[in-house]
Amino acid sequence: EKEKEKEKEKESMGDEEEIVFKDNPDWKDVVPLKQDDGPAPPVNIDYSEEFVEVMDYFRAIVKANEKSERALHLTRVVISINAANYTAWYYRRLILEALGADLRKELEMTDGIAAVSPKNYQLWYHRRWLVEKLADPAAEFDFTNSVFAGDSKNYHAWSHRQWVMGFFGLHKDGERMKKETDNIERLISTDLRNNSAWNYRFYLVQQQYAPDRVPDDVALGEVEFAWTYICRSPNNQSPWLFVKGYLDQHQEALHSTLQEKCEVFIQKHKFCSHPLALLVDIHEKRGTHEDIVLANEYCDKILSLPAMYQKNYWEFRKASISKKLEQ
Amino acid sequence: MDSEIWSESQKKQREVEVRCERIYSSKTYELESCKSEREREQVLHLYRDVHRSYLESSLEGLPQGYSSLDASRPWIVYWITGSLSLLDVSPAPSMMRRVADFFGRCQDSRGGIGGGPGQLPHLAPTYAAVNAMASLADPVIMEVFDRSATYAFLLRMKHPSGGFRMHEDGEVDIRATYCALSVAKILHILSPALTYRTAEFFGSCQTYEGGFGGEPFNEAHGGYTFCGTAGCALLNDYTHVNTDSLLAWVAHRQMATEGGFQGRCNKLVDACYSFWQGACLPILAERLAERKGGAGEDGRGVQNGNGGCGADSGEGDDAARGTGGAGFWSPEDLQRYLLLCCQDDMTGGFRDKPPMRKDLYHTFYSLAGLSLAQGGGPTVYGGKKNALERLDPVHGVRGDRLRKTLNHFSALPSVS
């Protein structure tokens, strides 16, 4: 797996494999610039000779404000020895603009880097910058899918996908929305604990109707969708959070339905805290004296569960609610 | 335990639980054969000496593997000096001068600090350098920071959304926003121009789950949740945030078996979240204790599907006051996770989770989380000998040193 990634990285480097500057005639005119570390820097890294050489030439180029092809190549080399060098990425963008470079080729290059460093902030920001300049989101879905194949919860990839949808107004594009919905359903059915997928789904629907509220019937549909997964795996918190998210925004339309569903649920699943927690929230929100009494009772039920973990949190909730009873 | 299909997430989770369970049961066995409290305490040990050696030698120099952090050297200084300050170990005056000199070289003449000498100024290393400085509270380091240039830098990074960019033409997110506020607070350069619409920006990053994401609509995540929670504390403004769902989310991120925190729902425990998540609890405890009645005092968070008023009791929540957040979580279980599962007792430092290797980042955030957990309840796990110095949860800096630093800068004239 790692071998394949290294290969991909080398490929994207192209004929930039030869990292030689010192004795290279193409770089004869450049005087390498040493790092201005001072006489006794703390956290002194034991850099390799190659690392020092590359960075010395990079510093020289930046100082001279050179924006040439060879400078572009040099930034690529810096990125390959330290993908987190944000100065190199930043400077690379300046050069790309100055040269009027082929940004599609640049986009392809980032495919290679993503294979090796999929969690690197600079890579993702660079990709976003490119996509914005190219004004073309077409490749981004396959791109993020390929990252998900290796890590279905890669935070940057999900964020990127959300950004693409928003920036290009794709929540109003029926065809794209169908694809996204299908994709998310597939992901959730493969791993119902993929919280990133649940989050994506939530905002996919939100943004489809924004700036209007999600219609009540759609909200109910989403709750029913989540409920099928709740029934499969009662202790999986992801769909419960999803349902609570809808309840918070659609109190009027959903509170009675959800109360009923939870009451039925706890008959069957006697040791699950989540429906009890939802019942506490529903009754506390409703706020009548009877409701507060019930909320308090449900807190007691939670606290008496055999495998109760968030004990202190529920003691705190109960104390809060009990205070309301006194009023 | 759900008895149906085992998803990928569940398999990974179980593996980690099994490792921790083995460690806990072997320690329990060891403890049972102890004949005195003293012996017990030896089993539940904070290995100060090896941690100290690891930190001090790292402050001097680092192996080649750290080349990947060449753009984050102020961070490394912060992780080390922050750790040493919690262990109540101070570097020599000569090292203080070296740190001061180094930060001076990382500082850009137009303001802001870069990941190393000559690098583009960036809010993250700027935050780290300021925090390292505050952790040490040595005037020779304080003098290095150019307040007016830093202010100019922060203004340049300010974004119309209310948030901040990390660096020139860089990403805008909640991390950058928190870093900017924290730096401004410590250097005494906070101004209305910097805080304009920032509370709204934080609010826009809270999700339906209750935690915060990096940008609006992004998944609730521990690191970003810390930035949002601490950021609102710095603004003293939670009006755009639903603090009830925030508290519920953070409290539910503590893992039942392991005792440590996960970063996101259904992900694995990681020692660094001991701080990112753990710090939110004392911060919220303070907040809830202060909260007076009245609608809208704490947010309705109407954007982004996180609406609904926090359940307001109409008076400050006394259950929360002064408890260091102990009312909401299990600080002792966190201490147990860190001391028993995460310490490298041979060569010092702490790890993400067993069997991973230790590193400086996890070392600092473990010690930070440990300090908060010790302050968060009646127990210092393993006895008083394990007690660390108190950490301020909003900045992530040793409390008394932070106060000394704040006093120093607040006496200086305004720059805005």
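Summary of values
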| item | result |
| --- | --- |
| The protein assembly as shown: antiparallel DSSP beta bridges as a percent of all, rounded to 5 | 85 percent |
| Pairwise centroid distance, computed over Cα atoms, of the range B:29-96 with the range A:130-188, Å | 42 Å |
| B:Gln42-A:Met308 FRET efficiency (beta carbon distance; Förster radius 30 Å; 0.05 resolution) | 0.40 |
| Exposure rank, largest accessible area first [B:Ser274, A:Ser152; 1.4 Å] | A:Ser152, B:Ser274 |
| Cα pair count fraction exceeding 23 Å, expressed as % - the range B:77-187 | 25 percent |
| Residue-normalised accessible area of the range A:135-202, given per residue in Å² at a 1.4 Å probe | 38 Å² |
| Occluded residues from the range A:138-166, i.e. those whose accessible area drops by 20 Å² or more once the chain is not alone (1.4 Å probe) | A:Lys153, A:Tyr155, A:Ser159, A:Gln162 |
| Apportionment of accessible area to carbon and sulfur, the range A:168-248, percent (1.4 Å) | 51 percent |
| Extension gain (nm, one decimal) between B:Arg403 and B:Ser416, 0.36 nm per residue minus Cα-Cα | 2.4 nm |
| Spin-label zone in the range A:68-89 - amide nitrogen under 17 Å from a point set 7 Å from the Cα of A:Asp26 along the C-beta vector | A:68-81 |
| Residue among B:Gly377, B:Gly114, B:Gly349 with the largest mean-square fluctuation in a Gaussian network model of chain B, springs linking Cα atoms under 10 Å | B:Gly377 |
| Per residue solvent-accessible surface (Å²) - the range B:88-150, probe of 1.4 Å | 30 Å² |
| Probe 1.4 Å, all protein chains present, accessible-area order of A:Leu294, A:Leu96, largest first | A:Leu294, A:Leu96 |
| At R0 = 22 Å, FRET efficiency that the Cβ-Cβ distance of B:Asp49 and B:Ser25 yields, to 0.05 | 0.20 |
| Qualifying trypsin sites (Lys or Arg not before Pro) for the range B:10-95 [loop in DSSP, other Cβ within 10 Å: at most 12] | B:Lys35 |
| Restraint check, A:Lys63/B:Lys158; B:Lys27/B:Lys353; A:Lys268/B:Lys11, Cα-Cα greater than 19 Å | A:Lys63/B:Lys158; A:Lys268/B:Lys11 |
| Two-site FRET efficiency, B:Glu32 against B:Ala387, from Cβ-Cβ distance with R₀ of 22 Å, rounded to 0.05 | 0.30 |
| Sparsely packed GluC sites (Glu not before Pro) within the range A:50-126, loop by DSSP, other Cβ within 10 Å at most 16 | A:Glu66 |
| Heavy-atom surface of the range A:286-327, accessible at 1.4 Å and reported per residue (Å²) | 52 Å² |
| Pairwise centroid distance, computed over Cα atoms, of the range B:204-269 with the range A:76-115, Å | 33 Å |
| Estimated translational D of the range A:86-177 in µm²/s (Stokes, Kirkwood radius over Cα pairs; 10 °C; 1.306 mPa s) | 116 µm²/s |
| Radius ratio Rg over Rh of the range B:179-295, counting only Cα atoms, Kirkwood formula for Rh | 0.98 |
| From the C-alpha gyration tensor of the protein assembly as shown, square roots of 5λ in Å | 41, 32, 25 |
| Taking N as its residue count, the alpha carbon Rg of chain A over 2.2 N^0.38 Å | 1.37 |
| GNM top mover of A:Val116, A:Val205, A:Val20 - chain A, alpha-carbon springs below 10 Å | A:Val20 |
| Exceeding the 22 Å Cα-Cα cut-off - candidates A:Lys270/A:Lys324; A:Lys270/A:Lys318; A:Lys244/B:Lys267; A:Lys301/A:Lys323; A:Lys261/A:Lys301 | A:Lys270/A:Lys324 |
| Total accessible surface hidden between A and B, rounded to 100 Å², 1.4 Å probe | 6800 Å² |
| 10 Å Cβ neighbours from other chains, averaged over peptide B:263-275 | 3 |
| Interface residues in the range A:294-323 - accessible area drops by 40 Å² or more relative to the isolated chain, probe 1.4 Å | A:Tyr309, A:Gln310, A:Asn312, A:Tyr313, A:Phe316, A:Lys323 |
| Histogram of C-alpha separations across chain B, 10 Å bin width, % | 5, 22, 32, 27, 12, 2, 0 |
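The values are calculated or read from the model by the stated rules, or taken from the named source; none is laboratory data. Computed from a predicted model, the values in this text were never measured in an experiment. Positions of Cβ are backbone-derived with ideal geometry, glycine not excepted, and every protein chain shown enters the neighbour counts. For the accessible areas, the whole protein counts, side chains as well, though only heavy atoms, and no ligand, DNA or RNA atoms are used. Shrake-Rupley method; radii C 1.70, N 1.55, O 1.52, S 1.80 Å.
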